Every structure is written in C-alpha cells, then in structure tokens.
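Peer 1: Structure in structure tokens, see below.
Only the coordinates and a few stated rules stand behind these numbers; no lab work does. Since this is a predicted model, take the numbers as computed values, not measurements. Cβ placement follows ideal geometry from the backbone for every residue including glycine, while neighbour counts extend to all protein chains displayed.
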C-alpha cells in the first residue's frame, strides 16, 4: 500500500494534470466524425452509451444523412431505427432532428461556435456543447463532465458535488484553462484503463499515492477477491 502524499486540493489537481499528460499523452476524443454537426450528433448519441457503440452506429447514419439539412428532413422513424442500439433512441432521434432543424433555420446549416447558441439546440447541454466547441472548433470554454469525469473527480477529492455544472465550476478553478478539455479526455482514458467503475485496479494505479479514496477502494477490492 503506497504512503499517501499530503497535498492541498490545488496541489493535487496540479499533480494529477502532470501525471495525466505523462501517462495519456495521446488521448483524444474517441468519437468518429468528419464535421462539427457529426460530432454534435455523435455526442448526443453517446449519452448512456459507450463511444464504441456510437462509432458502430454513426457510419451508416452519416452515410445516409451526412449533414444538418439531410437530418432535418429525414423521416423520424428512419432516424430512430438507425440509432436504436444506442439506447433511448426515440428521444435521441427527436432531439437530433430538432437540433438540426434549428441549425438549418437559425444558423444557416452550420453548427454555431458559441456556447450560448449551442445551448439553445434541443438535446444539447454543457457536456455536448463543450465537446463540440473543443474538438470541432478548438474553443475551450469549460470542462466536459460526463459520468467518468464526475466519478473520478470525486474519487480524486477534487469535488464533493454531484451536479455536473457545479463540478465543472470547481474543476475550472483548479485546472488551467488550456487543460480543461485535456483533463476530461485523459481522465476518461484513465477511467477506462485503470479506474474502472466496476473493477478499479487500485493496486496498479499511477495515482494511488495521491488519491484520497485509495484506502477505501482498495479495501473494497480486497473484500471482492475474498468472496
């Protein structure tokens, strides 16, 4: 069991960021897309669904409806069928079509590059808007908080909040703006590779000595192994 290094929250965030860059230097958005609208749609589909599943679905979806006008004018039933395997498919298809109609009617068919405008699109909250701005336009205005980021940020002691907006606001104070999206993407990679929600590999975690949740999580893992 590693000896715990005592750090302030700000010091821990700085050290976490340093190690994330060290261990996940090539981390990037794992959704497949070619245009801003395709990224927006893929991100909407990723809610309650893995990126791997979304990447299986989108080639056929984008092959049939490659842009906002075509999705806006699609038969809703066809959109539903194409995205069915991502879960909550009726609501996702409805939001995708409504968002694309607004993109066509209000923004000339181009996904807006302003947070406030993105948030007017059906089905788009800050998570989807942050991903779209960061990876489609290189604009960093916030921290993308998905289930991985929410869980790991809590385990790392960077937040005690449960609401994504409050978590985002806390993280923005702890992490330099240039690393806001890097933190999200890299911590997602760490959540998949090591700090898995169902079976975290605490004993081999690169952050064990600075993770305030290590002792508790390791004890739970040890108990699981005995069962």
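Peer 1: If all Cα-Cα distances of region 11-83 are sorted into 10 Å bins from 0 onward, what percent lands in each bin, rounded to whole numbers?
Peer 2: Reading the bins upward from 0: 17, 40, 21, 13, 8, 0.
Peer 1: Find how much the distance from residue 166 to residue 67 grows on full extension, using 0.36 nm per residue of separation minus their present alpha carbon separation; answer in nm with one decimal.
Peer 2: Values: separation 99, 0.36 × 99 = 35.64 nm, distance 3.34 nm.
Stretched fully, the residue 166-residue 67 segment lengthens by 32.3 nm.
Peer 1: Ranked by Cβ crowding within 10 angstrom, fewest neighbours first, how are 210, 96, 139 ordered? Working shown, then result.
Peer 2: Details: 210 20, 96 29, 139 15.
Ordered by Cβ neighbours within 10 Å, fewest first: 139, 210, 96.
Peer 1: Something else: Regarding region 36-137, what's the average projected area of the Cα-atom convex hull, expressed in nm²?
Peer 2: Numbers: hull surface 21.6 nm².
Orientation-averaged projected area of the Cα hull: 5.4 nm².
Peer 1: Further question: Simple spin-label model, 7 Å along Cα-to-Cβ: residue 15 to residue 140 in nm?
Peer 2: According to this spin-label approximation, the distance is 2.2 nm.
Peer 1: If you take all C-alpha pairs in the chain, what percent of them are over 34 Å apart? All intermediate terms of the calculation are to be shown ahead of the outcome.
Peer 2: Details: 5503 of 25651 pairs.
The proportion of pairs with Cα distances above 34 Å equals 21 percent.
Peer 1: Rounded to the nearest 500, what is the 222 nm mean residue ellipticity of the chain from helices alone, with -39500 (n - 2.57) per DSSP H run of 4+ residues and division by all residues? List each step's numbers first, then the result.
Peer 2: On the way: 12 runs with 134 residues, N = 227.
Theoretical 222 nm ellipticity from helices: -18000 deg cm²/dmol.
Peer 1: Subtract the Cα-Cα distance of residue 6 and residue 106 from 0.36 nm times their separation in residues, and report this length gain in nm to one decimal. Working shown, then result.
Peer 2: Details: separation 100, 0.36 × 100 = 36.00 nm, distance 5.19 nm.
Working it through step by step, the gained length comes to 30.8 nm.
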